[in-house]
Amino acid sequence: MILIGLDPGLATTGWGIIAADGNRLSHVANGQISTSASTPLPERLVTLNTALTDILLEHRPGGAAVEEVFINSNPQSTLKLGQARGVLLLTVAAQGIAIGEYAARLVKKAVVGTGAAEKAQVHAMVMRLLPGIKIAGPDAADALAVAITHAHHIASQRRVPGR
């Protein structure tokens, strides 16, 4: 199954696509969607929608996962992150793709083994789990970690009797 992971951000949204075959994972593609702070908010949201739609149409994932919004000390930043995340959820859902949502701590725990892992540790484990890949940046590494978490979650659900 092809899965896409998304690390939402208004300035930079990371995306990562993997193929999951049971416990075997392989890298398909990754990148970042960037918008300029000097561009009006509605145009930035359209850029996220258009770029993600193109990625979805090119790779045709069968599932998606998005990192949940964390609350930070700046309410305006949290609001903008929520708006970007909403556009991503809408764009994926409009393609008829089922979406899993994961807290950042859960993603870190699934990939590194501890929910308090640093970004560098997440990046290193993604490189280890998907050897030989070139990661487009830290947001893409986080998105790949979200996709890996989703793949593990799906595999665990299949192993539980009655599901």
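Numerical summary
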read-out	value
From the options 57, 52, 48, residue that is without any contact (Cβ under 8 Å) to a residue 40 or more places away in the chain, part of a helix (DSSP H, G or I) and out of contact with any Cys (no Cβ under 7 Å at 6 or more places or on another chain)	57
Qualifying residue in the range 82-90 (condition: touching a residue at least 24 places away in the same chain (Cβ under 8 Å), closer than 22 Å to residue 110 by Cα, in contact with an Asp or Glu (Cβ under 9 Å, 6 or more places away or on another chain) and not small (Gly, Ala, Ser))	yes
Options 73, 36; residue that is out of contact with any Asp or Glu (no Cβ under 6 Å at 6 or more places or on another chain) and either surrounded by 15 or more Cβ atoms within 10 Å (Cβ to Cβ) or modelled with pLDDT under 95 (or both)	73
Hits in the range 1-13 (condition: aliphatic (A, V, I, L, M) and either touching a helix residue (DSSP H, G or I) at 6+ places or on another chain (Cβ under 8 Å) or part of a strand (DSSP E or B) (or both))	1, 2, 3, 4, 6, 10
Which listed residue, of 62, 5, is within 23 Å of residue 154 (Cα to Cα), modelled with pLDDT of 95 or more and either of a type in the set (Phe, Trp, Tyr) or surrounded by fewer than 20 Cβ atoms within 10 Å (Cβ to Cβ) (or both)	62
Pair list, Cβ under 9 Å, 6 or more apart: the range 14-39 residue outside any strand (DSSP E or B), other residue surrounded by fewer than 17 Cβ atoms within 10 Å (Cβ to Cβ) and at pLDDT below 95	22/155; 22/158; 23/152; 23/155
Test: residue in the range 72-79 that is of a type outside the set (Asp, Glu) and in contact (Cβ under 8 Å) with a residue 12 or more places away in the chain	no
Residues located in the range 93-121, provided they are surrounded by 16 or more Cβ atoms within 10 Å (Cβ to Cβ) and hydrophobic (A, V, I, L, M, F, W, C)	97, 104, 106, 107, 110, 111, 112, 117
Among (1) out of contact with any helix residue (DSSP H, G or I) (no Cβ under 8 Å at 6 or more places or on another chain); (2) not in a loop (DSSP other than H, G, I, E, B), the one test that residue 113 misses	(2)
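The values are calculated or read from the model by the stated rules, or taken from the named source; none is laboratory data. Keep in mind the model is a prediction, meaning the values are calculated, not measured. Using ideal geometry, Cβ is built from the backbone for each residue, glycine included, and neighbour counts are taken over all protein chains shown.
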